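Just so you know, all these numbers are worked out from the coordinates, no wet-lab data involved. Keep in mind that what you see is a predicted model, and the values were worked out from it rather than measured. We place every Cβ from the backbone using ideal geometry, glycine too, and count neighbours over all the protein chains shown.
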Amino acid sequence: MKNIFLTSLLAAALALSGCDQISNTDASAPKVQAQKLARDAFTKLVMGKPDTVVLDKFGQPYLNNNYAGQFGILWTYKDITFDPASGRPDQFTTVVFENGVVAKVVFK
């Protein structure tokens, strides 16, 4: 339990300090994640942000529908978040864009 708390605290500190950003001139190249982010830290980084910010921070999604359908635009990332309550990694993290910004994040 202590390790989960410390990992969550570290992820939040990195997110707030901007140290998690990776400089990359090729936006199409996937970003390398040194560690998985806690769900709340990931949500804070993307909520209300446009696709360009999400792309810059996390790279190309594993899957995307890239069309504005019934549920908006969906980008799904693989293996980048974890559930701090259980310590288990999320297999998929889906970012839902509505009106050009992230409106919802779904973890599975």
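Per-residue extension of 0.36 nm, minus the Cα-Cα distance of residue 57 and residue 103, leaves a gain of 14.9 nm for this segment.
Distance between the pseudo-spin-label points of residue 44 and residue 88 (7 Å out from Cα toward the beta carbon): 2.5 nm. For residue 37, the residues whose modelled amide H falls within less than 5 Å of its own, excluding neighbours fewer than 5 places apart on the same chain, are 81, 82.
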